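Let me begin by presenting the structure, written as structure tokens, before commenting on it.
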Amino acid sequence: MRILLVEDDRRLSHALKLSLVEEGYAVDAAFDGEEGEAFTDTVPYDAIILDLMLPRKDGVAVCRTLRLRKVNTPILMLTARDAVEDRVRGLDSGADDYLVKPFALHELLARLRALLRRNIAQKSGALALGDLSVNPATHDVERGGVAIRLNAKEFALLEYFMHHPNQVLTREMIESHIWSYDFISASNVVDVYVRRLRRKIDDPFAAKLLETMYGVGYRLRLPCSE
């Protein structure tokens, strides 16, 4: 999942970015409102973490602009202000959720997960396809009752597939959701990670879920016999 973080406090931004990357998210950081808006013109984000008080253009104005442009990406607004009026302004501008500073990291991560699952059918937080299950909160992965250990990037790739079952995902789509701008990728990085993932979730099992669509990309789906 690819996240846009718009926060002018560079120390906080750096700390949040490190924590989010450790959780498997790809993160692009912007430090003022206009820069944040410019980022949204380039790639589709899965979620935006947006500070209320920003230089050049504040978070409320940014949020309103994005909604007027029909950008429906979930927005989690951050602010140091705890007044009810400020929370109302943020939500009325189009934000989906609101978090007051200082906040606990685990609460931010939980709110982010909640926003990311709003548009999927399974609201429990767990993702399942056949005998494969994925828990975004704990990063637990099981298939047929067997625990599977994935690193952060492998998990991010699997989670992306699980959010889009039965859909063909191109290499460009995968790269734009799993890696951020500051990652210099090799031309075959997607294929390398898909092979790693396939060795763990498919090779030990009779039914194969991860399908190569030659010349197009990849698809995660149940075999037709199932």
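The values are calculated or read from the model by the stated rules, or taken from the named source; none is laboratory data. Model, not experiment: these values are computed from the prediction. Backbone-built Cβ (ideal geometry, glycine too); neighbour counts: all protein chains shown.
Taken together, ALA147, ALA206 contain a single residue that is in a strand (DSSP E or B) and either of a type in the set (Gly, Ala, Ser) or modelled with pLDDT of 90 or more (or both), which is ALA147. Restricting the range 21-68 to residues that are of a type in the set (S, T, N, Q) and over 26 Å from PRO136 (Cα atoms) leaves a set whose member that is nearest to the chain's Cα centre (by Cα) is THR42. Within the range 1-29, the set of residues being over 19 Å from HIS106 (Cβ atoms), small (Gly, Ala, Ser) and in contact with a Leu (Cβ under 7 Å, 6 or more places away or on another chain) comprises just one member, ALA29.
Listed here are the residues, each with its yes/no results for (1) over 30 Å from PHE155 (Cα atoms); (2) crowded, with 20+ Cβ neighbours inside 10 Å; (3) touching a Gly at 6+ places or on another chain (Cβ under 9 Å); (4) not small (Gly, Ala, Ser).
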residue	(1), (2), (3), (4)
THR40	no, yes, no, yes
VAL43	no, no, no, yes
ILE48	no, yes, yes, yes
VAL60	yes, yes, yes, yes
ALA80	yes, no, no, no
ALA83	yes, no, no, no
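Within the range 85-99, the set of residues being acidic (Asp, Glu), surrounded by 14 or more Cβ atoms within 10 Å (Cβ to Cβ) and within 24 Å of the chain's Cα centre (by Cα) comprises ASP96, ASP97. Within the range 118-138, the set of residues being part of a loop (DSSP other than H, G, I, E, B), at pLDDT 75 or above and more than 16 Å from the chain's Cα centre (by Cα) comprises GLY130, ASP131. Candidates in the range 1-20 are the residues that are within 19 Å of the chain's Cα centre (by Cα) and more than 23 Å from LEU157 (Cβ to Cβ); of these, the one that is surrounded by the most Cβ atoms within 10 Å (Cβ to Cβ) is VAL6. Applying a threshold of 9 Å to beta carbon distances and a minimum spacing of six or more residues, or different chains, the list of pairs starting in the range 192-215 at a residue that is under 14 Å from GLU142 (Cα atoms) and ending at one that is assigned to a helix (DSSP H, G or I) and of a type in the set (A, V, I, L, M) reads LEU197/LEU157; LEU197/LEU158; LYS200/LEU158; ILE201/LEU158; LEU209/ILE201. Among the residues in the range 127-146, are any of a type in the set (Lys, Arg), in contact with a Phe, Trp or Tyr (Cβ under 9 Å, 6 or more places away or on another chain) and not assigned by TED's automatic domain parsing to the domain that holds LEU50? Checking the range 127-146: at least one residue is of a type in the set (Lys, Arg), in contact with a Phe, Trp or Tyr (Cβ under 9 Å, 6 or more places away or on another chain) and not assigned by TED's automatic domain parsing to the domain that holds LEU50.
Listed by first and then second residue, the pairs with beta-carbon distance under 7 Å, at least 6 apart or on different chains, first residue in the range 83-100 and acidic (Asp, Glu) and assigned to a helix (DSSP H, G or I), second modelled with pLDDT of 90 or more and crowded, with 19+ Cβ neighbours inside 10 Å, are ASP86/LEU52. Among the residues making up the range 82-107, those that are of a type in the set (A, V, I, L, M) and out of contact with any Ser or Thr (no Cβ under 7 Å at 6 or more places or on another chain) are ALA83, VAL84, VAL88, LEU91, ALA95, LEU99, ALA104.
Taking the range 52-64 as the range and being touching a Ser or Thr at 6+ places or on another chain (Cβ under 9 Å) and not charged (D, E, K, R) as the test, the residues that pass are LEU52, MET53, GLY59, VAL60, ALA61, VAL62, CYS63.
Residues in the range 21-62 that are out of contact with any Lys or Arg (no Cβ under 8 Å at 6 or more places or on another chain), part of a helix (DSSP H, G or I), without any contact (Cβ under 8 Å) to a residue 40 or more places away in the chain and over 16 Å from GLY94 (Cα atoms): ALA38, PHE39. Just wondering, is there one or more residues in the range 175-184 that are under 20 Å from LEU129 (Cβ atoms), at pLDDT below 95 and of a type in the set (A, V, I, L, M, F, W, C)? There is at least one residue in the range 175-184 that is under 20 Å from LEU129 (Cβ atoms), at pLDDT below 95 and of a type in the set (A, V, I, L, M, F, W, C).
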